[in-house]
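Novice: Quick one: the structure is below, questions incoming.
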Amino acid sequence: MSKKVTLHEALNILKNAKNVILVSHVSPDGDTLGSTLALAEGLKQTGKKVTIMVDDVISSTYSFMPGIGEYIHPQKGQHYDTDLLVVVDSSSLDRIGIVEECVKAPILNIDHHVSNTGFADYLWLDDTATATGQMMFTLLKEMQVDITLAMAICLYVAIITDCGNFKYSNTTAASMRAAAELLELGVEPNLVSDFIEMKPRKNIELLCKVLNTLTFFDDGRIGIIEINQEDYNKDIDTDSFISYPRYVEGVEVAVMFKAVEPEKTRVSMRTRWIDVSKIALSFNGGGHIKAAGCTIEANLTEAKKQLVTKIIEEMRANK
Ligand code: 5GP
Ligand code: MN
């Protein structure tokens, strides 16, 4: 189990390292990327050697984020020396992919997931934070570094990603205040939103196909969409697709299935009331109470059967 640390203890751990590697999670989203990029900039200002890594493709949606070109993709069999590995916005070790094998160093995990497995040596966890980006903003202010516009944009992207532009239940006065401060530092929300919401045509063409798969179970309480293996393309950002089943009247749990390999199905869940982080954990995944994900080692049909059965069970048990 991790040693739980406070913000100030996390700061001290960072202070004592000269050479730091920061890692974002696989299937990188705006929170893990924005939090990592902002911390990297802050640590560089204090004179540290900083490397940022991710063991996955970064969606072109995030190409506009300052510093995004600095990510390195670790190579199998390579070793990267460092004093400290900072794992950002990940609740379990498998979320960092092969970085686990490539970097052997003490781990500081900065995270906000209720499902955190306590895998790191040191864990600064705040499961009341809307996003890891909100925690990072607090940390950077405590570090007394200059929060540049580039860092502010990254932190803003992190926060809005995880609360759906302040519309999910994890939106708090604190995250809105953080966003307000970021606007005072020069962030223009309309420009950020244009970058994030503007999609290549192929995204919308895929969305058209995916909407045709919309299916309901349990009298319309579960709404699902799916991407079969033929249509699955790692380069197409599908993160926003789940909002379609999610906002159908009567749907209490929305699920998106992606057939990433013949016997491997990625799952995203969103819920109004049952705890989907628990369901995700039972399939070795994780997340938040109302937004979680996992990978099921089965084909799409089988994964669907297993997951829908589990959701119905949970709904019955918690009625
Ligand atoms: P999404 O459905 O957008 O991929 O993920 C929703 C939330 O669950 C995010 O906070 C994400 O980090 C977390 N999550 C998604 N998939 C996994 C997984 O396979 N393992 C773990 N530990 N967390 C996940
Ligand atoms: Mn997050």
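Novice: Of Ser35, Ser2, Ser268, Ser240, how do they rank once you tally other Cβ atoms within 10 Å and put the fewest first? Before the final figure, lay out the partial values.
Specialist: Details: Ser35 34, Ser2 18, Ser268 23, Ser240 14.
In order of increasing Cβ crowding within 10 Å: Ser240, Ser2, Ser268, Ser35.
Novice: Still on this structure, please answer the following. Once both axes come from the Cα atoms, what is the angle between helix 173-184 and the longest principal axis of the chain, in degrees from 0 to 90, rounded to 10?
Specialist: Its long axis makes an angle of about 60 degrees.
Novice: If each of Glu249 and His73 carries a label point 7 Å out from its Cα toward its Cβ, how far apart are those two points in nm?
Specialist: Each label point is offset 7 Å from its Cα along the Cβ direction, giving 4.5 nm.
Novice: Sticking with this one: Order the peptides 308-318, 61-71, 248-258 from the highest to the lowest mean number of other Cβ atoms within 10 Å of their residues. Let's see the in-between values first.
Specialist: On the way: 308-318: 14.1, 61-71: 17.0, 248-258: 19.8.
Most protected by this proxy first, the peptides run 248-258, 61-71, 308-318.
Novice: By how many degrees, between 0 and 90 and to the nearest 10, does the Cα long axis of helix 149-163 differ from the longest principal axis of the chain?
Specialist: It works out to around 30 degrees.
Novice: Which of the aspartates and glutamates could a cross-linker bridge to Lys15, judged by Cα under 18 Å and excluding same-chain residues fewer than eight apart?
Specialist: Filter leaves Glu41, Asp81, Asp83, Asp121, Glu142, Asp146.
Novice: Over the range 33-107, what portion of Cα pair distances is larger than 22 Å, expressed as a whole percent? Let's see the in-between values first.
Specialist: Values: 558 of 2775 pairs.
In whole percent, the long-distance tail amounts to 20.
Novice: Note the angle between two axes, namely the Cα long axis of helix 300-317 and the longest principal axis of the Cα atoms of the chain, as a number of degrees from 0 to 90, rounded to the nearest 10.
Specialist: Once rounded, one gets 90 degrees.
Novice: Less than 20 Å from a label point 7 Å out along the Cα-to-Cβ axis of Asp56: which backbone N atoms in the range 221-251 qualify, by residue?
Specialist: In the range 221-251, the label zone of Asp56 (backbone N under 20 Å from the point 7 Å along Cα→Cβ) covers 225-244.
Novice: For the range 3-57 and the range 108-180, what is the separation of their Cα centres, given in Å?
Specialist: Measuring centre to centre over Cα atoms gives 12 Å.
Novice: Neighbouring Cβ atoms within 10 Å as the yardstick, rank Lys15, Lys290 fewest first. Before the final figure, lay out each step's value.
Specialist: Working: Lys15 12, Lys290 18.
Fewest-to-most ranking of Lys15, Lys290: Lys15, Lys290.
Novice: If Lys and Arg each add +1 and Asp and Glu each add -1, what is the summed charge of the other residues whose beta carbon sits under 12 Å from the beta carbon of Thr6? Mind showing how you got there, number by number?
Specialist: Values: positive: Lys3, Lys4; negative: Glu9, Asp126, Glu142.
Residues near Thr6 contribute -1 overall.
Novice: Ok, one more. For the pairs Lys44/Lys141; Lys258/Lys304; Lys44/Lys76; Lys76/Lys278; Lys202/Lys258, flag any whose C-alpha to C-alpha distance is greater than 20 Å. The partial results should precede the final answer.
Specialist: Working: Lys44/Lys141 15 Å; Lys258/Lys304 10 Å; Lys44/Lys76 27 Å; Lys76/Lys278 32 Å; Lys202/Lys258 17 Å.
Listed pairs above 20 Å: Lys44/Lys76; Lys76/Lys278.
Novice: Follow-up. Using the per-residue mean of other Cβ atoms lying within 10 Å as a proxy for protection, in what order, highest first, do the peptides 99-107, 41-49, 279-287 fall? Display every interim value, and only then the final one.
Specialist: Numbers: 99-107: 17.8, 41-49: 16.1, 279-287: 20.2.
Packing proxy ranking, top to bottom: 279-287, 99-107, 41-49.
Novice: Okay, moving on. Show me the ranking of peptides 198-204, 172-178, 116-122 by mean Cβ neighbours inside 10 Å, starting with the highest. Mind showing how you got there, number by number?
Specialist: Values: 198-204: 12.3, 172-178: 15.0, 116-122: 18.6.
Top of the packing list down: 116-122, 172-178, 198-204.
Novice: How many times 2.2 N^0.38 Å is the alpha carbon radius of gyration of the range 201-317?
Specialist: Numbers: Rg = 13.1 Å, N = 117, 2.2 N^0.38 = 13.4 Å.
Relative to the 2.2 N^0.38 Å estimate, the range 201-317 comes out at 0.98.
Novice: Also, I was wondering about something else. Where does each of Cys163, Cys154 land when they are ranked from fewest to most other beta-carbon atoms within 10 angstrom? If you can, show how the numbers build up before the last one.
Specialist: Working: Cys163 20, Cys154 30.
Final ranking by Cβ density, sparse to dense: Cys163, Cys154.
Novice: While we're looking at this one, here's another question. Once every DSSP H run of n ≥ 4 in the chain is given -39500 (n - 2.57) and the sum is divided by its residues, what mean residue ellipticity at 222 nm do you get, rounded to the nearest 500 deg cm²/dmol? Present the calculation step by step, with values, prior to reporting the outcome.
Specialist: Values: 11 runs with 117 residues, N = 319.
Taking each H run of at least 4 residues, the total per residue is -11000 deg cm²/dmol.
Novice: Could I get the Rg over Rh figure for the chain? Both from C-alpha atoms, Rh via Kirkwood, rounded to two places.
Specialist: 0.96
Every read-out reported here was derived from the displayed coordinates using simple, explicitly stated rules and does not represent laboratory data. In this text, all values refer to a predicted model and were calculated from it rather than measured experimentally. As a convention, Cβ positions derive from the backbone with ideal geometry for all residues, glycine included, and neighbour counts pool all protein chains shown.
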